[in-house]
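J.: Below is a structure I'd like to ask you about.
Laboratory data are not the source of any read-out in this text; all were calculated from the coordinates shown. All of these numbers come straight from a predicted model, not from anything done at the bench. Heads up, the Cβs are rebuilt from the backbone with ideal geometry, glycines too, and the neighbour counts pull from every protein chain shown.
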There are 2 protein chains.
Amino acid sequence: MAAQPKEINLVVEELRKLVGDRVTTAKGVLDQHGQDVFSTKCVPPDAVVFVESTEEVAEIVKICNRHYVPLIPFGTGTALEGHFMAINGGISLDMSRMNKILRVSPEDMDVTVQAGVTRKQLNEFIKDDGLFFPIDPGADASIGGMSSTRASGTNAVRYGTMRENVLSLTVVLPDGRIIRTARRARKSSAGYDITKLFVGAEGTLGVITEVTLRLHGIPEAISAAICSFETLKGAVDTVIQTIQMGIPMARIELLDEVQVDSVNKYSKLGLPAKPLLMLEFHGTEAGVKEQVETFKMIAEENGGSDFDWKIRPEDRNELWKARHEAAFANLAYRPGCMAYTADVCVPISRLTDCIVETKKDIQESWLTAPMIGHVGDGNFHVSFLIMMDDPKELAEAKRLNARLVSRAIQMDGTCSGEHGIGINKKPYLAEEHGETVDVMRMIKKCFDPHNIMNPGKIFDL
Amino acid sequence: MAAQPKEINLVVEELRKLVGDRVTTAKGVLDQHGQDVFSTKCVPPDAVVFVESTEEVAEIVKICNRHYVPLIPFGTGTALEGHFMAINGGISLDMSRMNKILRVSPEDMDVTVQAGVTRKQLNEFIKDDGLFFPIDPGADASIGGMSSTRASGTNAVRYGTMRENVLSLTVVLPDGRIIRTARRARKSSAGYDITKLFVGAEGTLGVITEVTLRLHGIPEAISAAICSFETLKGAVDTVIQTIQMGIPMARIELLDEVQVDSVNKYSKLGLPAKPLLMLEFHGTEAGVKEQVETFKMIAEENGGSDFDWKIRPEDRNELWKARHEAAFANLAYRPGCMAYTADVCVPISRLTDCIVETKKDIQESWLTAPMIGHVGDGNFHVSFLIMMDDPKELAEAKRLNARLVSRAIQMDGTCSGEHGIGINKKPYLAEEHGETVDVMRMIKKCFDPHNIMNPGKIFDL
């Protein structure tokens, strides 16, 4: 139930007493907090609070809970599925000032950060200890936001997703209680896994304010490479065989020839306009050499060519910069367009079929839609580049995406590999999970009876 | 609320109509289902049903839910914390006939099994595909039971625990609904992580009937070794430095000199009566060689000696057989005794302190208590070998264990690394989790309002 205007005014007044001028109703700020970075549709909140501590968040949550006013946690705004749209109005909790690294233990290879710390900030801080935090969704997202969407990205094939790398959370529950979900031990079988319940809950069960993460040692040797293929099938089959051989790939990314053309133009790379794999190997000097030799053999058998090994850090960085800029490259590829993005993940044995059938769909359509993917996990994206004010284009993108999602689910895959559900993917959740969605609803109602925590996201109640 | 005798008779009658002579009230069978394998205390259920399918379990759950009669899932009986004691009476669901391997996908390296399949049965079935399931708690436990206690064991340092290796579950909810918690994709961010909520729930939220597991490729090269140390500190410091160096150990197990004496006598090993590490390395031929060299260097710096590399599979098997028989060795070490077992896990930087202080406690006590541990994870056990009919010995074991648990929790560790809470560890859950236990209770009440699913385990309501 959305709060009435009078209550909102009361709430803003109460918040002002609590945080002073860190609560604002300035239109520019509201608009900035009512949409994702890639979205054109803005549904602004009624107010934004720039919070500074867990205790303060708890007080704010209590106020909102008393007035049934929605709360929407906001990290860096880089979510992709409409997570910030204030469809019931309410308060946006801007976490960006909660950006302290609270403790690092190099011996235990773990760290505790406030939710607003970004992944690049964290990596900068820990690199002198020989450590890094591998989860890399491309954007310089906040750790709290990454936890909430169960983010992953290019390194997940080797290091896992946020699911595997969050050890413990501090959470403010919808009634204002502050809990810590787990201790810092690497494993535990002491009670329900409350940590994992909040990872991926998209802010609908509580506000994550602190996160304890696993870290990893920076490998002795890192080698990156690119490799072109005559066919999409050849590239995907190479990925599958590489994973099945047990080569511990750190990154294995696929770009179809349209995506290659797009990054070529944006990042001036001059790559052959063919399906491409971008690779990274981590290990000891000898280990990496061995991995590279095995990979090369597999790639050659599948029509791979134009190998280019990037040994120097600057060449490697250039490569991954281009990969990370692919989303911006796509926006520039068709000026004025927006990207309507698919995010499926399938068991790897079905990946070739899924990608080849999807490519056929795209070729039979009139839309431009580059494909890119974290294919070592079976996860790939299609970016339908459409003019948002053209309902015909949006309808066609939705039609193709719905076909892709159904295809992925029939292959025992998921409608969302890493972006979350938000608002955009809600129509597909029941198709994927059936009655399990009712179990999710039951949990939501039990945690948040007044439906104040990021309401209307993941599922409707 | 325990069901009254009349209702139990009604329920047994209804069950008999459903499953015929697969329901029994024979005393011998009841007694066998009312205790753990290492427990002397038996609290038998009112009846045992040998179930054969998910649908049948659903029907049984509906009957029990209607009459408020408790249900206790039973795998192989190898749990350790009183998980099977029917403290409110009720029905034991024996899962051992649900022992079918439903599908294997070597390409995806995953498998779906019925909950009663044991880990050895599974490994036998998949080995010709070059695959193995690494989680190894010692006992030949059922996959359903291992999921329910979030089991781990010797290989977890490299391959993770059940938490990391269960991809999806089929679960019968307390109201009889059947759900599947996730698809088979390697990762997903589609909604709440219902899978992880059931992993480690000890049968208190529903009955796990099918499990989809990640598998791993049998490594090209496996090398095992043992290494003795002058001091416990030297052994533990070696473990810590090995982990911190990033050596991907497959197994790294510590036995103190008392435990070595115990396995020496039971398995006739003739090892030096000193703190011992048992090790296993997995990788390519070259990779294993490199790991072994690095480990050796670290061990030597910490006073390691008497290296003995076990290259031949039969020597390796003998070594791990002795490790797995350590629990039986301990029972034989003090004839007539039972083992009261601690199971703490701490951040690895605190492991030396935790083990050395605990050793001092034991030395200052009159009890015999071998120590053994999966120390690569920071997890270790103390087996207090006591006569159960001697209240003084039990009191002393409880005193020492309480000190150990508090020590571990103060070090940001857990009271249970891998055995679960059951009945025995309930007193420590609040010390570890504080108000988070209330959140667990809230979830339990929401899933199971009649408290029929393994009641009285993990926490009291």
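J.: Return the average number of partner chain Cβ atoms within 10 angstrom of each residue Cβ along peptide A:411-422.
T.: Going residue by residue through A:411-422 and averaging, the value is 5.
J.: Placing the label point 7 Å from Cα along the Cα-to-Cβ direction, what are the distances from A:Q410 to the equivalent spots in the other copies, shortest first, in nm to one decimal?
T.: Result, one decimal in nm: 6.2.
J.: Follow-up question, since we're still on this one. Using the number of other C-beta atoms within 10 angstrom as an exposure proxy, rank A:T40, A:T154, B:T112, A:T204 with the fewest first.
T.: Ordered by Cβ neighbours within 10 Å, fewest first: A:T40, B:T112, A:T154, A:T204.
J.: Where the centre of each part is set by its Cα atoms, how far does segment A:221-258 sit from segment A:176-199, in angstrom?
T.: Comparing the Cα centres of segment A:221-258 and segment A:176-199, I get a distance of 36 Å.
J.: Just the ratio, please: alpha-carbon radius of gyration of segment A:9-81 over 2.2 N^0.38 Å, N its number of residues.
T.: The reported ratio for this selection is 1.11.
J.: Just counting partner chain Cβ atoms within 10 Å, what average do the residues of peptide B:233-245 show around their Cβ?
T.: If you average over the peptide's residues, the count of other-chain Cβ atoms is 1.
J.: Where the only charges are on Cβ atoms (+1 Lys, Arg; -1 Asp, Glu), what is the dipole of the protein assembly as shown about its Cα centre, to the nearest 20 debye?
T.: Value, rounded to 20: 1540 debye.
J.: Could you point to the residue in B:T436, B:T294, A:S305 farthest towards the positive end of the protein assembly as shown's charge dipole, with +1 and -1 charges on the Cβ of Lys/Arg and Asp/Glu respectively?
T.: Going by the Cα projections, it comes out as B:T436.
J.: Tell me, what ³J(HN,Hα) does each residue in segment B:103-111 have, in order and in whole Hz, if you take phi through Karplus 6.51 cos²θ - 1.76 cosθ + 1.60 with θ = phi - 60° and put x for Gly and Pro?
T.: Coupling constants for segment B:103-111: 6, 10, 10, x, 5, 8, 6, 8, 8 Hz.
J.: While we're on this one: Would you work out which of A:L215, A:Y159, B:Y192 lies farthest towards the positive end of the dipole of the protein assembly as shown? Charges go on Cβ: Lys and Arg +1, Asp and Glu -1.
T.: B:Y192
J.: For A:Q121, what is the net charge nearby, where nearby means another residue's Cβ is under 11 Å from its Cβ and Lys, Arg count +1, Asp, Glu -1?
T.: +1
J.: What Rg and what Dmax come out for segment A:169-258 when only alpha-carbon atoms are used, in angstroms?
T.: 20.3, 57
J.: Same structure again: Need one number: nm distance between label points at A:A430 and A:W309, each 7 Å from Cα along Cα→Cβ, rounded to one decimal.
T.: 5.5
J.: Also, I was wondering about something else. Counting DSSP beta bridges in the protein assembly as shown, what percent are antiparallel, to the nearest 5?
T.: Restricted to the protein assembly as shown, the bridges split so that about 85 percent are antiparallel.
J.: Sort B:C446, A:C64 so the one with the fewest other Cβ atoms within 10 Å of its own Cβ comes first.
T.: So the ranking, lowest neighbour count to highest, is B:C446, A:C64.
J.: Mind checking the dipole of segment B:5-96: about its Cα centre, +1 per Lys or Arg Cβ, -1 per Asp or Glu Cβ, Debye to the nearest 20?
T.: Approximately 240 debye in magnitude.
J.: Relative to the present Cα-Cα distance, how much length would full extension add between B:E300 and B:K268 at 0.36 nm per residue of separation?
T.: 8.9 nm
J.: Next question, about the same structure. Would you work out the Kirkwood radius for segment B:227-308? I mean one over the mean of 1/r across all pairs of different Cα atoms, in Å.
T.: 12.9
J.: Assuming R0 = 56 Å, can you tell me the calculated FRET efficiency for the pair B:E124 and A:K392, based on Cβ-Cβ distance, to the nearest 0.05?
T.: So, using R0 = 56 Å, E works out to roughly 0.45.
J.: As a footprinting exposure proxy, order A:R119, B:R316 by other Cβ within 10 Å, with the fewest listed first.
T.: Exposure proxy ranking, most exposed first: B:R316, A:R119.
J.: Please compute the Kirkwood hydrodynamic radius over segment A:1-154, one decimal place, Å, based on all pairs of different Cα atoms.
T.: For segment A:1-154, inverting the mean 1/r across all distinct Cα pairs yields 16.4 Å.
J.: Compute the separation of the alpha-carbon centres of segment B:103-155 and segment B:1-61 and state it in Å as a whole number.
T.: One Cα centre to the other: 27 Å.
J.: Once the Cα atoms of helix B:436-447 and of chain B are each reduced to a long axis, what angle between those two axes, in degrees from 0 to 90 to the nearest 10, is obtained?
T.: Orientation of helix B:436-447: about 30 degrees from the principal axis.
J.: Please figure out what share of the DSSP beta bridges in segment A:5-96 is antiparallel and state it in percent, rounded to the nearest 5.
T.: Around 20 percent of the beta bridges assigned by DSSP in segment A:5-96 are antiparallel ones.
J.: Can you list residues whose amide H is under 5 Å from A:N155's amide H, if they're 5+ apart or on another chain and H is modeled 1.01 Å from N?
T.: Close amide H contacts, sequence-distant or interchain: A:D136.
J.: Let me ask something else. What is the mean number of Cβ atoms from other protein chains located within 10 Å of the Cβ atom of each residue in peptide A:156-163, rounded to a whole number?
T.: If you average over the peptide's residues, the count of other-chain Cβ atoms is 3.
J.: Full extension from A:K100 to A:A286: what is 0.36 nm times the residue separation minus their Cα-Cα distance, to one decimal in nm?
T.: Extra length from A:K100 to A:A286 when fully extended: 63.1 nm.
J.: How much net charge surrounds A:S147 when only the other residues with a Cβ under 13 Å from the Cβ of A:S147 are counted, with Lys and Arg +1 and Asp and Glu -1?
T.: Spelling it out: positives minus negatives among the neighbours equals 0.
J.: Okay, moving on. Using amide H atoms built in the peptide plane, which far-off residues or other-chain residues are under 5 Å from B:E418 H to H?
T.: A:S189
J.: Let me ask something else about it. Over 10 Å intervals from 0, what percent of Cα-Cα pairs in the protein assembly as shown sits in each interval?
T.: The percentages, shortest bin first, are 2, 12, 21, 25, 21, 13, 5, 1, 0.
J.: Out of every Cα-Cα pair in segment A:105-200, what percent are more than 18 Å apart?
T.: 47
J.: Return the percentage of antiparallel bridges among DSSP beta bridges fully within chain B, rounded to the nearest 5 %.
T.: 85
J.: What does segment A:221-410 give for Rg and for Dmax, in Å, if only its C-alpha atoms count?
T.: 16.5, 55
J.: Please work out the FRET efficiency for the pair A:V19 and B:Q410, using the Cβ-Cβ distance as r and a Förster radius of 35 Å; give the result to the nearest 0.05.
T.: Plugging the Cβ-Cβ distance into 1/(1 + (r/R0)^6) gives 0.50.
J.: Then there is this: Cα centroids of segment A:384-398 and segment B:269-317: how far apart, whole angstrom?
T.: 61
J.: Pop out the ³J(HN,Hα) list for segment A:156-162 in order, Karplus 6.51 cos²θ - 1.76 cosθ + 1.60 with θ = phi - 60°, rounded to Hz; leave Gly and Pro as x.
T.: 5, 4, 9, 9, x, 9, 4
J.: What's the ranking of A:73-84, B:333-344 by average number of surrounding C-beta atoms within 10 Å, highest first?
T.: Ranking, from highest mean packing down: A:73-84, B:333-344.
J.: Then there's this: Which distances in nm, rounded to one decimal and ordered from shortest, link the label point of B:D353 to the equivalent label points in the other identical copies, with labels set 7 Å from Cα toward Cβ?
T.: Here B:D353 shows inter-copy label distances of 5.5 nm.
J.: Could you state the principal axis extents of the C-alpha atoms in chain B, from the largest down, to the nearest angstrom?
T.: Per principal axis, max minus min of the Cα coordinates gives 67, 56, 41 Å.
J.: When you have a sec, figure out the Kirkwood radius of segment A:164-206 from all distinct Cα pair distances and drop it here in Å to one decimal?
T.: 11.0
J.: Still on this structure, I have one more. Compute the acute angle (0 to 90°) between the alpha-carbon long axis of helix A:232-244 and the principal axis of greatest extent of the alpha-carbon atoms of chain A; round to the nearest 10°.
T.: 80
J.: Also, quick follow-up: Considering only the other residues whose Cβ falls under 11 Å of the Cβ of B:V437, what net charge follows from Lys and Arg at +1 and Asp and Glu at -1?
T.: -2
J.: Set the bar at 21 Å for Cα to Cα. Now go through B:K233/B:K274; A:K187/B:K360; A:K398/A:K425 and name every pair that lies beyond it.
T.: Going by Cα-Cα distance, A:K187/B:K360 fall outside the 21 Å limit.
J.: Right, another one. In degrees from 0 to 90, rounded to the nearest 10, what is the angle of the helix A:391-410 Cα long axis to the longest principal axis of chain A?
T.: Its long axis makes an angle of about 80 degrees.
J.: Can you give the FRET efficiency to the nearest 0.05 for B:I218 and A:A26, using r as the Cβ-Cβ distance and R₀ = 60 Å?
T.: According to the calculation, E is roughly 0.45.
J.: Ok, one more. Step through the residues of segment A:341-347 one at a time and calculate ³J(HN,Hα) from phi using the Karplus curve (6.51 cos²θ - 1.76 cosθ + 1.60, θ = phi - 60°), rounding each to whole Hz and writing x for Gly and Pro.
T.: Listing the rounded values in order: 10, 8, 8, 8, 9, 10, x Hz.
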